[in-house]
Each structure stands twice: as C-alpha cells, then as structure tokens.
Amino acid sequence: MTEVIIVGAGPTGLMLAAELALAGVDIAVLERRPNQQLVGTRALGLQARTIEMLDQRGIADRFLAEGQVAQVLGFGNTRLSIIDFPSRHPYGLGLHQQHIERILAQWVVELGVRIDYGVEVTGFEQDLKGVDARLSDGRELRADYLVACDGGRSLIRKMAGIDFPGWEPTMSSLIAEVELEAEPEWGVHHHAFGTQAFSQLESGLASLVVSEREPQENTEPTLDDLRSALIEAWGTDFGAHNPSSITRFTDMARQAATYRSSRVLLAGDSAHVHSPVGGQGLNTGVQDAVNLGWKLAQVVRGVSPEALLNTYHSERHAVGARVIHHNLAQTALMRMEDRIQALTEVVDGWLHMDEPRRTLAGALSGLDIRYETRAGRGTSSDDGDMHPLVGRRVPDVDLHTSAGVRRLYTYLHEGQAVLLNLGDPGDIDISAWADHVRRVDARYYGGWELPVVGEVSAATAVLIRPDGYAAWVGESSTTGLDQALAFWFGSSSGVEEWSTEDVSVEQKE
C-alpha cells in the first residue's frame with residue numbers, strides 16, 4: 001500500500017510528487033507515456049510567481065540556466081512589463097515544456113521518487129479509508145488518496161463523476177513543426193481568420209501557427225489538415241511535408257465543479273483547461289500542486305483533519321476561475337472583426353497606463369494572488385484589522401540572523417512552515433508546534449512592499465505556510481497566532497479545535 005497515487009508525470013504531477021516527497025509521504029507516480037518525451041509544442045515558459053515557487057525550493061537556478069529571461073506577459077496585442085514589481089524575479093522565462101519536465105523529473109528522482117512510465121489507471125473504487133486503483137499492467141494499488149494530474153481529458157475526473165462545465169470552442173489553430181518547399185513571409189501576421197505565424201528553427205524545420213477558418217476539435221490533426229488550413233489562409237501550402245509534430249488548440253474553456261471528490265483530487269489541466277494564449281496553463285497547474293502538496297501531506301500524516309483539503313478547492317478553484325475569465329477576454333480580443341479591433345485599441349491604450357498595467361500584470365503573473373480563507377487567520381493587530389500581507393505570497397526579503405544575512409526563501413527549501421519572528425527572541429513560544437513549524441529569529445531593516453498593493457506596514461512576526469503564503473501576521477501583538485497555528489498545522493491542548501468555517505465545499509459522492 002502507498003499513501004498517495006499521482007496519475008500523470010507532467011509539470012503538475014512532478015511538482016506535486018516533489019512536494020509530497022519533501023514531506024516524507026510515500027507516493028506512486030504513474031505516467032501513461034512510455035517516457036518523458038513530449039510530442040508537439042506545449043507550454044513555452046514560466047511566469048514570475050512560478051519561478052518564485054521554484055526559488056522557494058532552491059531549484060530556480062536550474063531553470064534559469066537553461067531558459068531565456070524576458071518580459072513575456074501580454075494581454076491581447078499588448079506587452080505587459082513587470083520589471084518594476086517588487087520581486088527577485090520580475091520577469092518570465094522562455095523555456096519549452098519538455099525542458100521544464102526534464103528538470104523537474106531530475107529533481108523528483110533526486111528526492112527518491114520513482115516514476116512508472118507506460119502505466120495508467122484503468123479504474124478505481126474509493127471507500128471511507130482509501131482508494132483501490134486498477135493499473136494497465138495488471139496490478140492493483142491501494143492508497144489513502146489519488147490525485148489526477150492526467151490532463152484536460154482526465155479519465156480520473158470522468159470516473160469520479162466530477163462535472164466539467166464551461167465554454168465550447170469558437171476558434172482553433174494548428175501548431176506544427178514541418179519542412180517547407182517554399183519560403184513563407186516569416187513573422188507574425190494578423191489575418192482574417194486569426195493569428196498566423198512562421199518562424200525558422202535551428203533544426204531547419206519551420207514552426208507554424210495557422211488559425212483555421214472554422215473551429216475544429218480533433219486533437220490529433222493530420223498533415224492534410226495543415227495543408228488545407230494553409231491553402232485557405234494563404235492560397236498555398238508552401239509544400240509542407242515531413243512534419244515532426246502537428247497539434248491543435250482551441251479556445252475551449254472548462255473548469256471542474258469541484259477539485260475534490262472525497263479521496264480523489266484534481267490538479268492542473270484535469271481541473272481546468274483553456275486556450276494557451278497568455279501562457280497560464282502550466283503555471284496554474286504547478287501552483288495547484290504547491291498549494292495541495294503540504295496540505296495533503298499533513299492529512300496523510302495525521303497532523304491535520306481531512307477537512308483541511310477543503311481549503312485546496314476553495315483557494316485554487318477561485319484562482320482557476322480568474323485565470324479562465326482573463327483567458328476568455330484575451331481570446332475574444334484575438335478576433336479580427338472591426339469592432340473587436342476597435343476594442344483592442346482602446347484596451348491597449350488603457351494598458352499603457354501604469355495602474356491598469358500593474359493590476360492586470362499582477363493577476364497574469366500570479367504575483368497578486370490573495371487566498372481568502374478567512375478561518376484560521378485570527379487577528380493580526382490589537383485593533384483586529386487584517387494585515388494586507390495575510391493570504392499573499394511573502395516577499396523574499398534579506399534577513400539578518402545570527403548566521404549572517406540570509407534570504408527568507410532559503411528557509412522554505414525543505415517545504416516546512418516557518419514562523420518568522422522579527423521581534424525579541426523570547427516574544428513568541430511555538431514549542432507545541434515545533435515538529436511542524438520552524439521558528440526563525442531575525443531582523444529585517446527594509447520596508448515591506450507587495451506587487452500591485454505597494455508598501456504595507458512593517459510586521460513583527462509572520463506565520464508562513466510551506467507554499468510561501470502568509471497565514472498570520474503580527475504587528476506588536478500575537479493575537480490570533482495560536483488559532484492560526486492550530487487551524488493550519490494541527491491543534492494543541494488548550495487551543496480551539498479546527499473549524500471548517502469558510503472553507504467547506506460540497507463533496508461529490
């Protein structure tokens with residue numbers, strides 16, 4: 001018996017595997033592909049908050065060494081710079097998914113996790129104590145929980161009976177790497193059908209993006225489909241032949257009604273799908289995994305009750321809904337009708353103003369996320385007001401410690417919660433939670449600044465979740481700290497029991 005089965009070894013599944021491994025959870029990672037190799041063009045890079053999360057685990061440099069740092073954010077036809085955002089990584093990273101997966105897989109193996117390739121789940125049953133999964137190689141595997149990271153057509157989601165409502169496709173495009181006999185006009189073109197793009201690869205192949213006249217849903221397009229689309233758009237197929245890959249994407253958008261059905265959970269594309277425009281999909285999935293990993297680990301180890309998993313749905317479903325909302329707006333702006341082009345010009349004008357740019361870029365980069373789980377926050381000051389840092393990612397400030405100056409994120413490398421005490425060392429006692437929360441006594445002499453929000457009042461203590469988000473903030477007071485510790489990291493004698501207030505979610509049986 002294992003503790004958690006992860007179905008899918010894409011970026012989301014691999015990140016979840018690493019998070020659980022750091023917490024000492026016994027996991028089985030199953031991937032239906034025969035190896036890590038990907039066919040076709042997938043995600044093209046990482047957004048700022050994802051890079052920060054990799055930095056929290058001490059592995060961001062592995063990705064930065066292979067990718068291209070750039071201002072990659074865009075909305076419609078407008079580029080959005082975040083160079084002025086208060087982050088060590090105010091940029092995106094151009095790096096193809098196959099390389100992202102390779103680096104993540106190497107890390108996962110270093111953590112002692114085995115990835116079973118060529119194996120998939122063909123069926124499962126769950127009861128009150130666990131999940132029994134049937135595998136394609138004839139084995140049966142019992143686990144406490146099963147997490148579906150198996151993509152937009154998730155078999156696990158379907159077998160769990162979780163609804164996947166959303167929007168049907170209204171447009172489609174082909175992405176191909178192919179040999180051409182005739183040279184096209186290289187570059188990006190805005191055509192009556194949509195965006196068309198031609199670029200040359202180092203391999204000698206041409207990389208094409210060809211928008212189709214009418215939306216098509218077949219996820220396995222052929223060379224004939226590509227040739228037909230080229231002829232319709234350009235009057236010629238440029239002698240396209242010998243493709244190394246052809247894939248199709250649409251503007252279909254769907255989101256699972258719930259991210260949890262008892263002991264089955266969804267993450268990544270199995271929970272939400274949308275157009276790749278804007279590059280949010282992979283990043284949202286990896287961030288799902290970081291949110292879920294520590295919570296699932298605590299439940300498996302008996303530190304927290306099962307109800308803690310409800311906060312995964314409440315926090316990440318809201319983020320996924322916002323991602324889809326922005327994606328629908330972006331794909332609408334891609335249309336070539338005169339009225340839409342007029343709207344695009346108006347939006348472009350707004351986004352050249354600082355405040356609209358910062359607001360939208362904060363959302364698209366993931367740097368402005370604020371989890372609204374009210375239960376367990378307590379109060380953070382004597383007057384009961386909530387500090388603006390609560391629920392947000394903690395900035396990677398330079399701390400002055402007895403060991404010298406250290407970055408805050410270095411204390412998150414092991415995936416453990418941190419109580420950062422910036423006051424007198426004797427001010428706070430968390431000995432009852434010492435097994436689950438690391439206390440760090442330090443001084444910080446700079447200001448506190450958050451993306452989009454700006455400067456905020458100085459904190460004297462911060463309770464930091466393993467995913468890097470503030471669970472509680474003190475300003476010369478510890479009011480509410482014990483309640484926050486009990487809610488997120490297990491109850492202690494004399495402390496109010498865990499409550500599901502504000503985090504309950506209807507479970508689909």
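The values are calculated or read from the model by the stated rules, or taken from the named source; none is laboratory data. Every value quoted in this text rests on a predicted model; they were computed, and no experiment measured them. Here the Cβ positions follow ideal geometry from the backbone for every residue, glycine too, while neighbour counts run over all protein chains shown. Heads up: the accessible areas ignore ligands, DNA and RNA and are worked out on the full protein's heavy atoms, side chains in. Shrake-Rupley method; radii C 1.70, N 1.55, O 1.52, S 1.80 Å.
Numbers below:
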| item | result |
| --- | --- |
| Vicinal HN-Hα couplings computed from phi for the range 198-207 (Karplus, 6.51 cos²θ - 1.76 cosθ + 1.60; Hz; Gly/Pro x) | 9, 9, 9, 9, 4, 6, x, 6, 9, 9 |
| Diffusion coefficient, µm² s⁻¹, Stokes-Einstein with Kirkwood Rh over alpha-carbon pairs of the range 391-452 at 4 °C and 1.567 mPa s | 102 µm²/s |
| Size descriptor, Kirkwood hydrodynamic radius, that averages inverse alpha-carbon separations across the chain, Å | 24.1 Å |
| Overall dimensions of the range 234-369 by Cα: Rg and Dmax, Å | 19.4, 64 |
| Shape parameters for the range 1-60, alpha-carbon atoms, Rg then Dmax in Å | 13.3, 38 |
| Fraction of alpha-carbon pairs over 26 Å apart in the range 311-449 - percent | 45 percent |
| Kirkwood Rh, angstrom, the range 404-489 [1 / mean 1/r, Cα pairs] | 13.4 Å |
| At 0.890 mPa s and 25 °C, Stokes D of the range 32-161 from Kirkwood alpha-carbon radius, µm² per second | 140 µm²/s |
| Net charge contributed by nearby residues that have their C-beta within less than 15 Å of W107 (K/R +1, D/E -1) | -3 |
| Whole-percent carbon and sulfur share, accessible surface of the range 194-252, 1.4 Å | 44 percent |
| Protection proxy ranking of 250-256, 79-85, 262-268 - average other beta-carbon atoms within 10 Å, highest first | 262-268, 250-256, 79-85 |
| Projected area averaged over orientations for the range 110-155, convex hull of C-alpha atoms, nm² | 4.2 nm² |
| Rounded accessible area of W350 (nearest 10 Å², 1.4 Å probe) | 140 Å² |
| Accessible surface of the range 280-433 [probe 1.4 Å, protein heavy atoms]: carbon and sulfur percent | 51 percent |
| Long-range Cα-Cα pairs in the range 188-303 (distance over 16 Å), rounded percent | 70 percent |
| Residue-averaged 222 nm ellipticity for the chain, from DSSP H runs of 4+ at -39500 (n - 2.57), nearest 500 | -8500 deg cm²/dmol |
| M334, M159, M353, ranked by accessible area, largest first (probe 1.4 Å) | M353, M159, M334 |
| In Å², nearest 10: area of R357 left accessible to a 1.4 Å probe | 30 Å² |
| Average accessible surface area per residue within the chain, 1.4 Å rolling probe, Å² | 42 Å² |
| All Cα pairs of the range 126-178, percent lying beyond 15 Å | 66 percent |
